[in-house]
Structures are given as structure tokens and as C-alpha cells.
Amino acid sequence: MCDSLIETPKRKYNAYAALLSRYDAGAEQRRSGLAMAEQLAPSSIPGATDPGFLKLLGDRVREARARRGMTRKILARDSGVSERYLAQLETGQGNISILLLRDIAHALDVPIEALVYDGAEPPIDLVHTTEFLRRLAIDELAQARNLLVEHFGGVDLAARRGRVALIGLRGAGKSSLGATLAERLEVPFLELDRLIEQESGVSLSAIFDLYGQSGFRRFERRCLDDVIERYPRFVLATGGSLVSEPATFERLLTMCFTVWLRASPEDHMQRVIAQGDMRPMADNRESMSDLQRILAVREPLYRKADLTIDTSRQPLAQAAEAILESLRAPASNGLLAQ
């Protein structure tokens, strides 16, 4: 059952190779031209002295890493890219060839992501739909997503309210509150991380060591789909980083009534340590600032939940009652909270 998940071949992606392989005629000549361009002094290449683009790129890499709760060391291990280069990239000092690729994209009048798209070319209707959605305002995007889910998602609103999913960082109270809530609703209480360990046969840390971040994400999606298919009603505690995987989080938002258990960074840290886990503090004097950064970049994702409960301000019983009251309330016209 897990064979497809275990296969996690690693391959290095060469943006120039991907670009040049699209064209047969004159490929060698273009390849030579690019090689010569890379050897030129930065000041002689248009756009090569643009620090804004490289800083933006570095910020995006750093924020993506924070959303997933990955250290730079782990990213270096999983990507095969040195920590030194990642540090340069995140501080806006990436390789000049990135700027060259951007210039090529500008000259072709295509988005840079179109040149490095991983996989088959997307259908033209998807390209046009994406461009249409780009023009919408934020509130209009939320409405458009609701309409798409309502018309094409095949969602049963009543069934969705029977599936309660708790999201948030570790230490927010998902296990304690989830167990209490499940008892009140008389439904099973499930923890996605424990299901992943059962599915894989190894601990979470071993999954990351053996298969990396991408392997863990495949286990996570497989187990979430299995829970939704097997149980008509449940309370599910998810891992804190699930929201960083767009497809899996979209599946959760569409099929489950989601509740963000929010807490202060100090409470998150104290609760984890109170559970006997000293890893957040081990060999990391900046653990609190790291936690605050992770919370900051994930907060817009957590806010997609149908309901937010502040467990730093409400006792367990009061928080459970607030969720039950929300579940009893009539469903609004909008399918998902924005």
C-alpha cells in the first residue's frame, strides 16, 4: 500500500536545460550563448544588478521554509543544495543565472514560472482561468472560490459539519480539546500524525529522515483521504504544518469544518515543554523568534478556517462549548470561511 509513497527519487532541476530542451533548432548555439553570458561581469548584463528581484526571491524561499517548519539544514539535506548557498539565496545574493532566466522570460513575454514548470504543460483553459482570477480583488477571489467549490466540489454541507478538523501549531491544545469535543459529539477522535505513523510503520522523525519532506506530505495526504472516506463523522487533530501544503489544505477546507486553535507563542512553547519535550529549546537560542516567525507566515493560512478559538484566553470547557455552538448554528450561504 505504501510502495508508491516510498519511491522518492531526488533529481536536480536545471532551469536552463528545461528551457533549452523545448527548442531543437540552434539549441547548441543558444546554450553556448548563455554560457558566455554567465561569464560576463554582472554590471554588463541587463537586470543583473537588480537587488530587488533577488531579495524578493530570497524572502519567498525563507517564508516557504518557515511555513513548513523546516530549518535551513533540513532544506539543504532534502534539496542537495548547500547551506551556504541557501543562506546567500535567502539574503538576496542568489546566483546571477536566476536574473538571466528572468530576463529571458521577459523577452518571451511569459511568466518566469512558465519556463520552470515542473511537469506537463497545463491545459490552456487552466492558463486562461488563472489569468482571469489574477485580475480579481481579494474579496472577489474568495467569492469565486466558494462558487467553484459549490458547483464542482461535490460537497455535502451537512456531511461537512460532521467532520471537524482542528488546525494550529503544536501546543495549541488540539489533542486535549479534540478528545473533549469528540466525546461531546460522540464521534471518533483521530490524530493525523499517529495515523501517518501507523501507515508508514515508522516514527515521524524516521519518515523525514528516510523520505524527506515530500515523502511525509504524500503520507499525510493519503491518510487524510483515507479518514474522509472511512469515517462519516469525526474530530481530527492535524499537524501544524499541513496548511503549508496547498492541495492537502484545500482538501481539508473543502471536506471538513475547520477550527483554528490559536495561542500565544509563549503558551505554545510552554505547553510543548510541559509535555516533556525539550527539543524546541535544545541547541537553539532563537527558538522563540523562530516560533514567532512560523506563526507570522502561517497565520494567513490558519485564518482560512471556519472558526478561530483562542486557547490562551478560553479554558478547555469554554472553548469546546464555543465550537459546539458554532456547529449547531445554521450554515451560511458562503461555503467556506474566508
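From the list 126, 136, 141, pick out the single residue that is at pLDDT 85 or above, part of a loop (DSSP other than H, G, I, E, B) and either in contact with a Lys or Arg (Cβ under 8 Å, 6 or more places away or on another chain) or hydrophobic (A, V, I, L, M, F, W, C) (or both). Let's see the steps before the verdict.
Details: 126 fails: part of a loop (DSSP other than H, G, I, E, B); 141 fails: part of a loop (DSSP other than H, G, I, E, B).
Selected residue: 136, the only one of 126, 136, 141 that is at pLDDT 85 or above, part of a loop (DSSP other than H, G, I, E, B) and either in contact with a Lys or Arg (Cβ under 8 Å, 6 or more places away or on another chain) or hydrophobic (A, V, I, L, M, F, W, C) (or both).
Take the residues in the stretch 185-222 that are in contact with a helix residue (DSSP H, G or I) (Cβ under 8 Å, 6 or more places away or on another chain) and part of a loop (DSSP other than H, G, I, E, B), then tell me which one is nearest to residue 273 (Cα to Cα).
Filtering first and then ranking leaves 203.
Just give me the residues in the stretch 111-132 being in contact with a helix residue (DSSP H, G or I) (Cβ under 9 Å, 6 or more places away or on another chain) and either surrounded by 11 or more Cβ atoms within 10 Å (Cβ to Cβ) or within 18 Å of residue 54 (Cα to Cα) (or both), in sequence order.
Once the filter is applied, which keeps residues that are in contact with a helix residue (DSSP H, G or I) (Cβ under 9 Å, 6 or more places away or on another chain) and either surrounded by 11 or more Cβ atoms within 10 Å (Cβ to Cβ) or within 18 Å of residue 54 (Cα to Cα) (or both), the stretch 111-132 yields 111, 112, 113, 114, 115, 116, 117, 122, 127.
Only residues in the stretch 83-95 that are under 19 Å from residue 52 (Cβ atoms) count as the first member; pair them with residues that are of a type in the set (Ser, Thr, Tyr) and assigned to a helix (DSSP H, G or I), Cβ under 9 angstrom, at least 6 apart or cross-chain, and list the lot.
94/85; 95/85
Is it true that residue 246 is without any contact (Cβ under 8 Å) to a residue 60 or more places away in the chain, within 17 Å of residue 67 (Cα to Cα) and within 18 Å of the chain's Cα centre (by Cα)? Step through it out loud before you land on a result.
On the way: without any contact (Cβ under 8 Å) to a residue 60 or more places away in the chain: yes; within 17 Å of residue 67 (Cα to Cα): yes; within 18 Å of the chain's Cα centre (by Cα): yes.
It is true that residue 246 is without any contact (Cβ under 8 Å) to a residue 60 or more places away in the chain, within 17 Å of residue 67 (Cα to Cα) and within 18 Å of the chain's Cα centre (by Cα).
Of the residues 172, 182, 159, only one is under 17 Å from residue 258 (Cα atoms), small (Gly, Ala, Ser), outside any helix (DSSP H, G or I) and assigned by TED's automatic domain parsing to the domain that holds residue 234; which?
Working: 182 fails: outside any helix (DSSP H, G or I); 159 fails: outside any helix (DSSP H, G or I).
Checking each option against the conditions leaves just 172.
Considering each of 216, 189 in turn, give the residue that is touching a strand residue (DSSP E or B) at 6+ places or on another chain (Cβ under 7 Å), in the same structural domain as residue 253 (by TED's automatic domain parsing) and within 23 Å of residue 260 (Cα to Cα).
Selected residue: 189, the only one of 216, 189 that is touching a strand residue (DSSP E or B) at 6+ places or on another chain (Cβ under 7 Å), in the same structural domain as residue 253 (by TED's automatic domain parsing) and within 23 Å of residue 260 (Cα to Cα).
If residue 186 satisfies every condition in (1) crowded, with 16+ Cβ neighbours inside 10 Å; (2) farther than 24 Å from residue 295 by Cα; (3) modelled with pLDDT of 95 or more; (4) not aromatic (Phe, Trp, Tyr) but one, which is the exception?
Among (1) crowded, with 16+ Cβ neighbours inside 10 Å; (2) farther than 24 Å from residue 295 by Cα; (3) modelled with pLDDT of 95 or more; (4) not aromatic (Phe, Trp, Tyr), the lone unmet condition for residue 186 is (1).
Scan the stretch 197-207 for residues that are crowded, with 18+ Cβ neighbours inside 10 Å and in contact (Cβ under 8 Å) with a residue 40 or more places away in the chain and jot them down.
200
List pairs: first residue in the stretch 314-327 and under 11 Å from residue 176 (Cβ atoms), second residue of a type in the set (Val, Ile, Thr) anywhere in the structure, Cβ distance under 7 angstrom, at least six positions apart or on different chains.
Sorted first by the residue in the stretch 314-327, then by its partner, the pairs are 316/180; 319/309; 319/311; 320/180.
Is it the case, given these coordinates, that residue 326 is modelled with pLDDT under 95, closer than 15 Å to residue 162 by Cα and not aliphatic (A, V, I, L, M)? Full working, then the answer.
On the way: modelled with pLDDT under 95: yes; closer than 15 Å to residue 162 by Cα: yes; not aliphatic (A, V, I, L, M): yes.
Yes; evaluated as a whole, the condition is true for this residue.
For the stretch 272-281, indicate whether the set of residues that are in a helix (DSSP H, G or I), in contact with a Ser or Thr (Cβ under 7 Å, 6 or more places away or on another chain) and of a type outside the set (Gly, Ala, Ser) is non-empty. Working first, answer last.
Start the filter on the stretch 272-281 by keeping residues that are in a helix (DSSP H, G or I), which leaves 272-274.
Going one step further and asking which of them are in contact with a Ser or Thr (Cβ under 7 Å, 6 or more places away or on another chain), we end up with none.
No, that holds for no residue.
Residues 74, 138, 112: which one is more than 30 Å from residue 292 (Cα to Cα) and of a type in the set (A, V, I, L, M, F, W, C)? Break it down stepwise before answering.
Numbers: 74 fails: more than 30 Å from residue 292 (Cα to Cα); 138 fails: more than 30 Å from residue 292 (Cα to Cα).
None of the other options fit; the residue is 112.
Any chance the stretch 261-275 includes a residue that's among the hydrophobic types (A, V, I, L, M, F, W, C), touching a strand residue (DSSP E or B) at 6+ places or on another chain (Cβ under 8 Å) and surrounded by 21 or more Cβ atoms within 10 Å (Cβ to Cβ)? Talk me through it step by step, then tell me what you get.
Narrowing the stretch 261-275 to residues among the hydrophobic types (A, V, I, L, M, F, W, C): 261, 263, 269, 272-274.
With the extra rule that they be touching a strand residue (DSSP E or B) at 6+ places or on another chain (Cβ under 8 Å), the set shrinks to 261, 263.
Subsequent filtering for residues that are surrounded by 21 or more Cβ atoms within 10 Å (Cβ to Cβ) retains 261, 263.
For the stretch 261-275, residues among the hydrophobic types (A, V, I, L, M, F, W, C), touching a strand residue (DSSP E or B) at 6+ places or on another chain (Cβ under 8 Å) and surrounded by 21 or more Cβ atoms within 10 Å (Cβ to Cβ): present.
Tell me, which residue of the stretch 54-71 that is surrounded by fewer than 16 Cβ atoms within 10 Å (Cβ to Cβ) and over 16 Å from the mean Cα position of the chain (by Cα) is farthest from residue 169 (Cα to Cα)?
55
The values are calculated or read from the model by the stated rules, or taken from the named source; none is laboratory data. All values derive from a computational prediction rather than experimental measurement. For neighbour counting, all protein chains shown are included, and Cβ atoms are generated from backbone atoms with ideal geometry for every residue, glycine included.
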